[in-house]
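What follows is a set of notes on a single structure, which appears directly below.
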Amino acid sequence: MNLFLKFKETAASVLPIVAIVTVLSLTFAPLGTGLTVRFILSGIMVVVGLTLLLAGVDLGITPIGERSGAALTAKRSLPLLLSVSFVIGLLVTIAEPDVQVLADQIRGVSPAVNKWALVILIAVGVGLFMLLGLLRTILSLRLNYLLIVCYVLLFILAFCSPTAFQGVAFDAGGATTGPMTVPFIMALGIGVASVRTKGHTEQGGGSGGSQGDESFGLTGMASIGPVAAVCIYGILLSRSQSYSAGTAESLSGTVEAVGNSLNLHVFLEELPSVTKEVCLALIPLIVLCAAFQVLLLKMPPAQVRRMLKGLAYSFIGLVIFLVGTKGGFMPAGEKLGLTLGGYASSGGGAYVLLLVAVGMVFGAVVVCAEPAVWVLTEQVEQVSGGMIKRRLMLAALSCGVALSIGLSMLRIIYSFSLWWILLPGYGLSLLLSLFCPPLFVGIAFDSGGVASGPMTSTFILSFAIGAAAASGGHGGAEMAFGIIALVAMTPLVAIQILGIVFKIKSGMKAKGKKEGVR
């Protein structure tokens, strides 16, 4: 593990965001000296926290997930594998800090929402679809066919749910696959796929599809569960009692009156609650790791110490990361959105283009700072044997997320339905899955979940809430929500297009070699 290399990678991703916001603060959208300084300090905290978090994931979380998946599969007990996988999905999702934040935000749509009932329902959804995803791997089912069936049923369910819950439901699919859940889920899937492929080959069944084809897609499957859960919760709530949709103003809270005061005490005020959230996130993982060590893995003391060190890095890094995002990134994003949204709503087309352009730049840069994106791209490069380079993956994700944020800004200003984007987008992504190589299908749907992580849920969502509060559109809170859903959708199209291009180039290369031999 090279901490300095991790630091260089994260600094190259986060510092451009800091630079862009600082330039905007000094030109078009003044944030005030106090908030600007806080934002810069929070950027430094995000870099340090992200460095430690990613190092901890490499040391502790990913190895546990891979070995646990391999050990459970080696037991050759399907009920054991599926039941334990369901428990893993349930516990890790309940502990995911992003889920707690999302539940609080949904309460802004309807005060009648019970936070913990919703959290548990979302966790059950993740557990059930993790189970379904692993069953798909074991039975070697085609991922694209399974996704088509699941999404058709999901859209029918979403149409039956209240309008106020539709945007937040699809947001839930991205927000619940955070920096703690994604490494464990992906590593578990890779471990199961490796053992299943090895066993199939040893039995003389041929390859049965490469391990790479089946190593990805589990995160994409798990992302469907929360969407269905929130839709079901909305339907039940609408039948049991009346509710009213919130407004963007109520969700955004009181906009901070920014002056020259630094208010650095905000970071200290956030520390206790963030530490509690991170403890809740890690305790289930520690319990699971201990249980796997005693019952399944029985690793030597040196490896146990290595993984404990990784969990300690993850704890410290996640605390620093979240304190930085809440102490500076979220207030700055909301204030910036409020300012630019106000310009766009009153200043005409030029300011609308400015809002869209700024949003697209943020989308392209922020996705590269997501912790889970770095985990995904590294694992993709390893499993693909270097065929799919990390830089190429990041470029495709940046383009897709930039487009989604731009569309979200237009939706906030002009108040059109989320379905105008979701239906064509998911329809195209499912259609592409029929022509795309299976490996890229799994990677694409995993990318949708990981692209919408804590950076998107904090800075980008705050930026959208501020813009919605200033625009004065008719949609209110519904215009602010849905942005995470679009961030999760566009990588599905971008990565699969990349896969089709690879397929065409590989075919042309093979054809050229064949003609050369002749």
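The values are calculated or read from the model by the stated rules, or taken from the named source; none is laboratory data. Just so you know, these numbers come straight off a predicted model, no measurement behind them. Backbone-built Cβ (ideal geometry, glycine too); neighbour counts: all protein chains shown. Each accessible area value is taken on the protein alone, full model and side chains, heavy atoms only, with ligands, DNA and RNA left out. Shrake-Rupley method; radii C 1.70, N 1.55, O 1.52, S 1.80 Å.
Couple of notes before you dig in:
- Of all residue pairs spaced 6 or more apart or on separate chains, those with beta-carbon atoms under 8 Å, a first member in the stretch 346-358 that is among the aromatic types (Phe, Trp, Tyr) and a second member that is in a helix (DSSP H, G or I) are TYR351/LEU340; TYR351/TYR343; TYR351/ALA344.
- Conditions (1) surrounded by fewer than 23 Cβ atoms within 10 Å (Cβ to Cβ); (2) farther than 30 Å from GLY328 by Cα; number of the one not met by ILE88: (1)
- Counting only helices (runs of 4 or more DSSP H) that sit completely within the stretch 25-100, zero hold 3 or more residues that are more than 21 Å from ALA222 (Cβ to Cβ), hydrophobic (A, V, I, L, M, F, W, C) and in contact with a strand residue (DSSP E or B) (Cβ under 9 Å, 6 or more places away or on another chain).
- Under the condition of being open to solvent by less than 10 Å² (accessible area, probe 1.4 Å) and of a type in the set (Phe, Trp, Tyr), the residues counted in the stretch 113-169 number 1.
- On inspection, THR325 does not qualify as open to solvent by less than 30 Å² (accessible area, probe 1.4 Å) and touching a Lys or Arg at 6+ places or on another chain (Cβ under 8 Å).
- Total residues in the stretch 52-106, condition of a type in the set (Val, Ile, Thr) and on the phi > 0 side of the Ramachandran plot: 0
- Pair list, Cβ < 9 Å and 6+ apart or interchain, from the stretch 497-512 residues that are in contact (Cβ under 8 Å) with a residue 60 or more places away in the chain and farther than 14 Å from LEU434 by Cα to residues that are open to solvent by 50 Å² or more (accessible area, probe 1.4 Å) and not in a helix (DSSP H, G or I): PHE502/MET387
- Applying the set (1) on the phi < 0 side of the Ramachandran plot; (2) free of Cβ contacts under 8 Å to residues at least 40 places away in the same chain to GLY386 leaves exactly one unmet item: (1).
- Verdict on GLY217 being open to solvent by less than 30 Å² (accessible area, probe 1.4 Å), modelled with pLDDT of 70 or more and either of a type in the set (Phe, Trp, Tyr) or over 16 Å from GLY125 (Cβ atoms) (or both): yes
- Residues satisfying the stated conditions in the stretch 274-304, i.e. farther than 18 Å from GLY317 by Cα, open to solvent by 70 Å² or more (accessible area, probe 1.4 Å) and among the hydrophobic types (A, V, I, L, M, F, W, C): VAL287, VAL294, LEU295
- Check on LEU492, at pLDDT 85 or above and buried (at least 24 other Cβ atoms within 10 Å of the Cβ): yes
- Checked across the stretch 411-430, the condition of being under 18 Å from MET186 (Cβ atoms) and of a type in the set (D, E, K, R) holds for no residue.
- The residues on offer are GLY189, GLY199, GLY174, and the sole one that is part of a helix (DSSP H, G or I), under 24 Å from TRP420 (Cα atoms) and either open to solvent by 10 Å² or more (accessible area, probe 1.4 Å) or modelled with pLDDT under 80 (or both) is GLY174.
- Condition broken by GLY310, with the remaining ones in (1) modelled with pLDDT under 85; (2) open to solvent by less than 40 Å² (accessible area, probe 1.4 Å) satisfied: (1)
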